[in-house]
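Please read the structure below before turning to the comments.
What follows draws every value from the coordinates through simple rules; no lab data is involved. A quick note: this is a predicted structure, and the numbers were derived from the prediction, not measured. Heads up, the Cβs are rebuilt from the backbone with ideal geometry, glycines too, and the neighbour counts pull from every protein chain shown.
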Amino acid sequence: MIAQQFTQQQLIAMLAWQVEMGADEAVLDKPSNDLQPPQSSDDISGSTPTPVSVASQPPSAPTSTAPSAIPVPAPAPPNQTVPVHLHHIDSLSDLATALGQLDSCPLKHTASTMCFADGNAGARLMIIGEAPGRDEDRLGVPFVGAAGHFLDDMLASIGLDRSAVYLTNFLPWRPPGNRSATAEETDMLLPYLYRHIQLADPELVVILGGMPAKTMLKSSDNILKLRGRWQDIDYGDGVMRPTMASLHPAYLMRSPAQKRLAFEDWCGLYHRLGNTPPPVV
Ligand code: URA
């Protein structure tokens, strides 16, 4: 597309449409294989090196202008720390009470109710969504609206229901107008989420959606890159918990063509839970 062919208004309208469709990262016109290291200047193949999207670089990757610089892999996610005052909280109900008293968080004051969790706190699988939607804000329970119904269908596709999972959200309060959380709000709430994971102590963690995936996996990659890979993450208690990010059900409802990718991820989850695939007849 040649941007000069369009008016500024048309370009803004096109961008707005892409955001509406769920795009959250600027990418190139042509696909590039980011898994392949960039070609060095003494490459004799003669093919033009594929440009690498700036948005796909990990934030901490050192930059170099040297053409033959060897890419340094992003460091493994560091251990998370949970402030000492949260270590004294040793039950989920006390954690919910402490979170409910977090008056310094602006989100608390604009939301109708806090959404702490739903499902079975002793389940092997903990699912972490983004933030309460309108219905969740009204009812105080995560994933009860349309996205929640779709999540129930996804769970049913691998033989699970809410009694087999423990559900929470990255943000316990719906941000006003569904805006993104600020860095200050995220910093304030993340320790509570990690304490939540420690106390629920699931065997496996699934993160749904780009915002929580990027934050919890400490990556600037978008969800389409992060999804489907299991990583052992220490949520601050020294226990490595296998964690996978996947596509959010609300995104899948807006972009049904991506359900195929989510299905792959959920098949991986099915195997992780120790199930063998049904025999093909
Ligand atoms: N989307 C989420 O991420 N969580 C909910 O609870 C509802 C919608």
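Here the gap between Asp90 and His109, fully extended at 0.36 nm per residue and compared with their Cα-Cα distance, gives a gain of 4.2 nm.
Is the shape of the stretch 99-239 rounded, prolate or oblate, going by the alpha carbon gyration tensor and its root eigenvalues a ≥ b ≥ c, with a/c under 1.5 for rounded and a/b larger than b/c for prolate? Rounded, since a/c falls under 1.5. Between Met240 and Lys259, the modelled label-to-label distance comes to 3.6 nm, taking each label 7 Å out from Cα in the direction of the beta carbon. Here is the result for the stretch 126-166: no trypsin sites (Lys or Arg not before Pro) lie in DSSP coil with at most 13 other C-beta atoms within 10 angstrom of their C-beta. Among the GluC sites (Glu not before Pro) found in the stretch 179-281, those both in a DSSP coil and sparsely packed, with 14 or fewer other Cβ atoms within 10 Å of their Cβ, are Glu203.
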